[in-house]
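Asker: Provided herewith is a single structure, encoded as structure tokens, for subsequent inquiry.
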Amino acid sequence: MEGQKLPRGFDVLREPDWVEHFVRKMMTKALPDIAGHMSATTSAAISESKQFLGVKFKLPDGCKRDDIRLLIREDMIRIEGLPGGKHELIKLPKLVQPRLSRATVKAGVLHVKVRKRMRGRKVNECPINWV
């Protein structure tokens, strides 16, 4: 698109944000049932440090303590058991180690702390077999 000469008024097509917004709006109109799954969650705040990701999610009113389940994958967090049989998907900006996570609820806010997956910097020497 950069090398093409576009008619006057079509310069907007070169901006990727505009194109993404246009496609998202068209998909929302065409498929309203799944439009909620396409958009990023707005109810979760994600903070990042060198080794950890922190996620804060405000639990809606009417949540029962025994119904809430937290499922953590390398790239996503899923909160199940919300009122109305709903669930929430939170896409994580970095890959994490799901086994190394902690979660607490304070004043109706779910706090999740997950260790980021660090790149392997270990160097392993491999023996060579001379034939």
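Asker: Where does each of I128, I77, I68, I90 land when they are ranked from fewest to most other beta-carbon atoms within 10 angstrom?
Answerer: Ranking I128, I77, I68, I90 by Cβ neighbours within 10 Å, fewest first, gives I128, I68, I90, I77.
Asker: Another question about this same structure. Cα gyration tensor of the range 49-131, axes a ≥ b ≥ c as square roots of the eigenvalues: rounded (a/c below 1.5), prolate (a/b > b/c) or oblate?
Answerer: The shape class here is prolate.
Asker: My understanding is that a pair violates if its Cα-Cα distance is over 27 Å; which of K86/K113; K25/K116; K58/K116; K50/K106 do that in this structure?
Answerer: K25/K116
Asker: Can you list which of the GluC sites (Glu not before Pro) found in the range 45-131 are DSSP loop residues with at most 16 other C-beta atoms within 10 Å?
Answerer: Numbers: sites: E48, E74, E80, E88, E125; in loops: E74, E125.
Those satisfying the criteria are E74, E125.
Every number here is computed from the coordinates shown, using simple stated rules; none is lab data. From a predicted model like this one, the values you see are computed outputs, not experimental measurements. Glycine also receives a Cβ, built like all others from the backbone with ideal geometry; neighbour counts cover every protein chain displayed.
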